[in-house]
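Let me begin by presenting the structure, written as structure tokens, before commenting on it.
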Amino acid sequence: MKDDYQSSIAASMRRLRRVMAAKPNHIGAHQHSSSHRKELLASDVCGCFYCLEIYSPAEVTEWVDEDDEGIGRTALCAKCGIDSVIGSSSGYPMNRKFLKEMHDYWF
């Protein structure tokens, strides 16, 4: 009985550590805003968490953070020019509410 209780407590503590280590979506999504050319171009839509605009990735014409071949890896927003763009292929919601959460945290 005592072993079952201790085992249950240990399992609960492991779950709690995993939950506490997880980043909220608006924080974890930030890693998808740089060096993301392939992911962004594979997206149906993208959004900027600076100006909160949502648009087609095909509208992105400026890229920075060039690789060894001189190809930019990080998109600049097609609307405001800031490097705060994420795409729908990131798996995060692509709506103004989510982009606003990111904006409020990062800016």
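Quickly run through the range 35-88 and pick out the residues that are among the small types (Gly, Ala, Ser) and within 18 Å of residue 105 (Cβ to Cβ).
Listed by number, the residues that qualify are 47, 84.
Residues in the range 95-102: is at least one in contact with a strand residue (DSSP E or B) (Cβ under 7 Å, 6 or more places away or on another chain) and either within 17 Å of residue 41 (Cα to Cα) or without any contact (Cβ under 8 Å) to a residue 24 or more places away in the chain (or both)?
Checked against the condition, which is being in contact with a strand residue (DSSP E or B) (Cβ under 7 Å, 6 or more places away or on another chain) and either within 17 Å of residue 41 (Cα to Cα) or without any contact (Cβ under 8 Å) to a residue 24 or more places away in the chain (or both), the range 95-102 yields no hits at all.
Restricting the search to the range 46-72, which residues are exposed (fewer than 14 other Cβ atoms within 10 Å of the Cβ), under 24 Å from residue 96 (Cα atoms) and either modelled with pLDDT under 95 or within 18 Å of the chain's Cα centre (by Cα) (or both)?
Going residue by residue through the range 46-72, those that are exposed (fewer than 14 other Cβ atoms within 10 Å of the Cβ) are 56, 58-59, 61-62, 64, 66-71.
Checking which are under 24 Å from residue 96 (Cα atoms) leaves us with 56, 58-59, 61-62.
56 - this is the single residue of the range 46-72 that is exposed (fewer than 14 other Cβ atoms within 10 Å of the Cβ), under 24 Å from residue 96 (Cα atoms) and either modelled with pLDDT under 95 or within 18 Å of the chain's Cα centre (by Cα) (or both).
Just the residues that are over 10 Å from residue 54 (Cβ atoms) and assigned to a helix (DSSP H, G or I), please, taken from the range 85-97.
89, 90, 97 - these are the residues of the range 85-97 that are over 10 Å from residue 54 (Cβ atoms) and assigned to a helix (DSSP H, G or I).
If residue 80 meets every condition in (1) exposed (fewer than 13 other Cβ atoms within 10 Å of the Cβ); (2) over 16 Å from the mean Cα position of the chain (by Cα) apart from one, which number is that one?
(1)
The values are calculated or read from the model by the stated rules, or taken from the named source; none is laboratory data. Predicted, not measured: the structure shown is a model, and the values here were computed from it. Every residue, glycine among them, receives a Cβ derived from its backbone with ideal geometry; neighbour counts consider all protein chains shown.
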